[in-house]
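Some notes on the structure that comes next.
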Amino acid sequence: MKTGDIAEQSRRFTAQDMVDFATLAGLNTAPDHVPEPLIAALFSHLLGVELPGPGTNYLKQDIRYLSAAPLESTVTARVEITRLRPEKHLVDLWATARSEDGTLIAEGRALVLAKDTGRL
């Protein structure tokens, strides 16, 4: 792992995904756009599976939501390592999510403990 390393994933959210989300969340109607928790889940997946990977623990997250993510559109989430502090097993990352037309949906930072990954 080094500063500048990047991981990305893309996901298309459908109307059926929103029906399922509404059911799980106890909502009366399905959202007409991708809810913020589902965008945040893309970041969580990247951090826990890709970069830094298994054993990663969230310590802090600061995400600003700038635009609604439309249904039936591909959302691409990306995390990039901005700072490594191996003596403390800490990794700082910048996170962004964009719609398929390039619109910035969300951005912010994450601080994770990567002690268990053995990759620092």
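Tabulated data
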| read-out | value |
| --- | --- |
| At 0.692 mPa s and 37 °C, Stokes D of the chain from Kirkwood alpha-carbon radius, µm² per second | 221 µm²/s |
| Derived scalar couplings ³J(HN,Hα) [the stretch 48-65; Karplus, 6.51 cos²θ - 1.76 cosθ + 1.60; whole Hz; x for Gly, Pro] | x, 10, 9, 8, x, x, x, x, 6, 10, 5, 10, 7, 9, 9, 10, 9, 9 |
| Among Arg11, Arg109, Arg98, residue whose mean-square fluctuation peaks in a GNM of the chain (springs only between Cα atoms under 10 Å) | Arg11 |
| Average accessible surface area per residue within the stretch 43-99, 1.4 Å rolling probe, Å² | 50 Å² |
| Rounded to 10°, Cα long-axis angle of helix 36-45 versus longest principal axis of the chain | 40 degrees |
| Degrees, to the nearest 10: 15-25 long Cα axis against longest axis of the chain | 70 degrees |
| The stretch 46-80 residues near the modelled Asp20 label - backbone nitrogen below 12 Å, point 7 Å along Cα→Cβ | none |
| Which of Met1, Met18 is most accessible, then next, and so on - probe 1.4 Å | Met1, Met18 |
| Helical mean residue ellipticity (222 nm; -39500 (n - 2.57) per DSSP H run of 4+; nearest 500) of the chain | -5000 deg cm²/dmol |
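The values are calculated or read from the model by the stated rules, or taken from the named source; none is laboratory data. Quantities reported herein were computed from a predicted structural model and do not represent experimental measurements. Don't worry about glycine lacking a Cβ; one is built from the backbone with ideal geometry, like all the others, and counts go over all protein chains shown. Heads up: the accessible areas ignore ligands, DNA and RNA and are worked out on the full protein's heavy atoms, side chains in. Shrake-Rupley method; radii C 1.70, N 1.55, O 1.52, S 1.80 Å.
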